[in-house]
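So the structure is just underneath, and the comments pick up after that.
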Amino acid sequence: MARMTSADRPLLNRRLAEFGTTVFAEMSALALRTGAVNLGQGFPDTDGPEEVREAAVRALRDGRGNQYPPGPGIPELRTAVAAHQERRYGLSFDPDTEVLVTAGATEAIAASLLALVEPGDEVIALEPYYDSYAAGIAMAGGTRVPVTLRPAGGRFRLDLDELRDAVTDRTRLLLINTPHNPTGTVLTREELASIAELAVERDLLVVTDEVYEHLVFDDAEHVPPASFPGMRDRTVTISSAGKTFSFTGWKVGWVTGAPALVAAVRSAKQYLTYVASGPFQYAAAEALALPDSYFEAFRADMLAKRDVLAAGLADAGFEVFRTAGTYFVTTDIRPLGESDGFAFCRALPERAGVVAIPNAVFYDHREAGAPYVRFAFCKRTEVLTDAAERLRRAFTH
Ligand SMILES: *Cc1c(COP(=O)(O)O)cnc(C)c1O
């Protein structure tokens, strides 16, 4: 048989073929070219607390973390993560066997999937899903089974019957994200209790992405899935310093869970980055020990930003879904006489001088996500006011 040449065969392998380019690159390029206000990608345009930045500088100067840190992460950070889980949620984890430091939540997600998913296993993810989930499942050789969150009563909701029906004999894992990007939904205690019951009944592993755990608004409450009966030994909990402390470039994340789960994730993680972010691990340890007043002020600040952007979008004529958590507002563009989020977002920089992301990119069922568009509000207030004004001008006559 003739050997396949590169002419016969695409370079990017079959597992990753569908992930060639992301919409974020296209939209950021559009923002640059048109001078539009970029509310596409979710990163803050101001840095986090000065004392946390100084802690990183001190670590770097003192020669802490400039060489390979320990594989599981520096003890100071593992202890700080365990103390945080205890203080916020009453969950106790042994810093030595039940905490693992990763290169951001992104590596924690990838390592969890690579460690726990066998080729052919089905992984259920809430749709719309964060873009790295689909790629992580694909790299692990798993099959993604999306369960769609649908709008009802002003927020996106999980249909528990649909979730139950999605479980098959091949389901290995539920991949949960709360607070949820891009919809801004925070799963309620009741919803999480039902998810936990299902996981126990069907003996499923659960991986939960809680990077927005400190960004919950109004009367919403973040409850870690690991805190429900029967869940501690089957749940890998993931979070990171990026969103909570506004240092998304530092890439310090962590995993907490039962020793066997953390050991499994570590097996994959050690051959991805092995270790990362040495000096920033010291800074993240100090950040996690900040007083409650930091977390409260951060939340209040982001809540005010949400309100500026949501009000601007509503004035411009969008239907605005209630954001109970995260950096994002999801809108419905149909009241503007539009229905295709992709076309809308491609035209928006020219039309209004604003960049947003079509939620359809976070869906397998693209038509289910077609009319929704996501705007990020983790930006300076004057930037949000400017964007709101541009949208009002473009859409109201
Ligand atoms: C930003 C984000 C991540 C990635 O976190 P890092 O710590 O930067 O790797 C993971 N999950 C969700 C839902 C996010 O929004």
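Miscellaneous remarks
- Working note: 222 nm ellipticity from helices only, DSSP H runs with n ≥ 4, each -39,500 (n - 2.57), summed and divided by the residues of the chain, gives -12500 deg cm²/dmol to the nearest 500.
- Cβ-defined net charge surrounding residue 92, 15 Å radius [Lys, Arg +1; Asp, Glu -1]: -1
- Phi angles of region 92-98 translate, via the Karplus equation with coefficients 6.51, -1.76, 1.60 and θ = phi - 60°, into HN-Hα couplings of 9, 10, 7, x, 7, 10, 10 Hz per residue; Gly and Pro are given as x.
- For region 188-307, alpha-carbon Rg over 2.2 N^0.38 Å: 1.19
- Estimated FRET transfer efficiency when R0 is 22 angstrom, pair residue 267-residue 96 (beta carbons, to 0.05): 0.85
- For the options 186, 383, 99, a Gaussian network treatment of the chain with springs between C-alpha atoms closer than 10 Å singles out 383 as fluctuating the most.
- Segment residue 339-residue 14, length gained on full extension (0.36 nm per residue, minus Cα span): 113.8 nm
- Span-rule helices in the chain, defined as complete DSSP H runs reaching 24 Å or more along the axis (Cα) with Kyte mean at least -1.0: 292-316
- Of all the options 175, 336, 187, the one that moves most in a Gaussian network model of the chain with Cα springs shorter than 10 angstrom is 336.
- The chain gives an Rg/Rh value of 0.97, both radii derived from C-alpha positions and Rh following Kirkwood.
- Value of D in µm² per second that Stokes-Einstein yields for region 53-152, Kirkwood Rh from Cα pairs, at 37 °C (0.692 mPa s): 202 µm²/s
- Normalising the average separation of contacting C-alpha pairs (under 8 angstrom, six or more residues apart) by the number of residues puts the relative contact order of the chain at 23 percent.
- Using R0 = 41 Å, the C-beta based FRET efficiency linking residue 159 and residue 62 works out to 0.20.
- Estimated from the Cβ-Cβ distance and a Förster radius of 51 angstrom, the FRET efficiency linking residue 314 and residue 7 is about 0.40.
Every read-out reported here was derived from the displayed coordinates using simple, explicitly stated rules and does not represent laboratory data. This is a predicted model, so every value here is computed, not measured. Ideal geometry is used to build each Cβ from the backbone, glycine not excepted, and the neighbour counts take in all protein chains shown.
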